[in-house]
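The values are calculated or read from the model by the stated rules, or taken from the named source; none is laboratory data. Only a predicted model underlies this, so the values are computations on that prediction, with no experimental measurement involved. Because the Cβ atoms are built from the backbone with ideal geometry, glycine has one as well, and the counts that use them run over all protein chains shown.
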Amino acid sequence: MPSQDSSPVLKTQNLSIRFGGHIAVDQVSAEFEQGTLTAIVGPNGAGKTTYFNLISGQLPASEGDVYLEGRNISNWAIAKRAKHGVGRAFQLTQLFPNLTVAENLTLVVQARLGFGPKIWALASRLNSVKKEVESLLDTIELTSKSQELARALSHGAQRRLEVGMMLAMDPKVMMFDEPTAGMSVDEAPVLLELIAKIKSEGNRTILLVEHKLDVIRTLADRIIVLHNGKLLADGNPEKVMSLDVVRQAYLGELPESDEVA
């Protein structure tokens, strides 16, 4: 459920970026409340991933601002945004492939707590770190694979480990860019159940770039539609997906389609 506090956790105001003469994101203003999951949809080139990059700091905005809990973070570097609660999962996994699952999680917990790599052995023995890693392993359902190298995991398990590493930073905002891309039909539901579980806890704000309608219908409280970098529609899934302009642009007037784009 959304937070009782009406102030948004995350806000973008007139956010824009230009690449030469091309405007990839054009004056996008939106607010995101705690405990909600917003699906961001649109065809290839609509500006979805670029919008994510502006929020997380991978790209500097040409104009406009990003606010986190009322603070303007537009000039903050990626690391500072992450430290203060902006978590991002990419289309390609970002792991330490030659470390075990548990070691990947331990490194992130240590980083959040301020432990340096020189005291790895000491930090590993700290009961609080160990307990947190065990809890994360349970959440992402990788306890049985805790001692396996990250590179040896299936693609789906790697994605779950990436989510666990993001959770280890205790983010206020979690952004997922096509999280099920490349997954098998058996692996995708497990990751989606994990995202649903995180959402149900109600203490994080989730943004999800996704194309599959069944995923959007199952998880999203709200849909934002981008088209040529502009905000085309914004509202609850049933309302937005029923709009003629959305159906014409993204469904091709084919209700039976499994894809938004």
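Listed values, structure above:
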{"read-out": "Scan of region 147-159 for residues that are farther than 27 Å from L54 by Cβ, of a type outside the set (A, V, I, L, M) and either buried (at least 18 other Cβ atoms within 10 Å of the Cβ) or in contact with a Lys or Arg (Cβ under 9 Å, 6 or more places away or on another chain) (or both), ordered by number", "value": "G156"}
{"read-out": "Residue within region 28-44 that is in contact with a His (Cβ under 9 Å, 6 or more places away or on another chain), over 25 Å from L161 (Cα atoms), at pLDDT below 95 and part of a loop (DSSP other than H, G, I, E, B) present", "value": "yes"}
{"read-out": "Selection status of E162, in contact with a Ser or Thr (Cβ under 8 Å, 6 or more places away or on another chain), touching a residue at least 60 places away in the same chain (Cβ under 8 Å), among the charged types (D, E, K, R) and under 21 Å from K48 (Cβ atoms)", "value": "yes"}
{"read-out": "Residues that are within 12 Å of R18 (Cβ to Cβ) and among the small types (G, A, S), drawn from region 48-73", "value": "A61, S62, G64"}
{"read-out": "Residues of region 180-220 classified as under 13 Å from the mean Cα position of the chain (by Cα), polar (S, T, N, Q) and farther than 19 Å from F32 by Cα, total", "value": "1"}
{"read-out": "Pair list, Cβ < 7 Å and 6+ apart or interchain, from region 58-86 residues that are of a type in the set (D, E, K, R) to residues that are in a helix (DSSP H, G or I) and buried (at least 17 other Cβ atoms within 10 Å of the Cβ)", "value": "R81/S56"}
{"read-out": "Members of region 172-188 that are surrounded by fewer than 20 Cβ atoms within 10 Å (Cβ to Cβ), under 15 Å from L208 (Cα atoms) and out of contact with any Ser or Thr (no Cβ under 9 Å at 6 or more places or on another chain)", "value": "A181"}
{"read-out": "Test for Q158: is it part of a helix (DSSP H, G or I) and not aliphatic (A, V, I, L, M)", "value": "yes"}
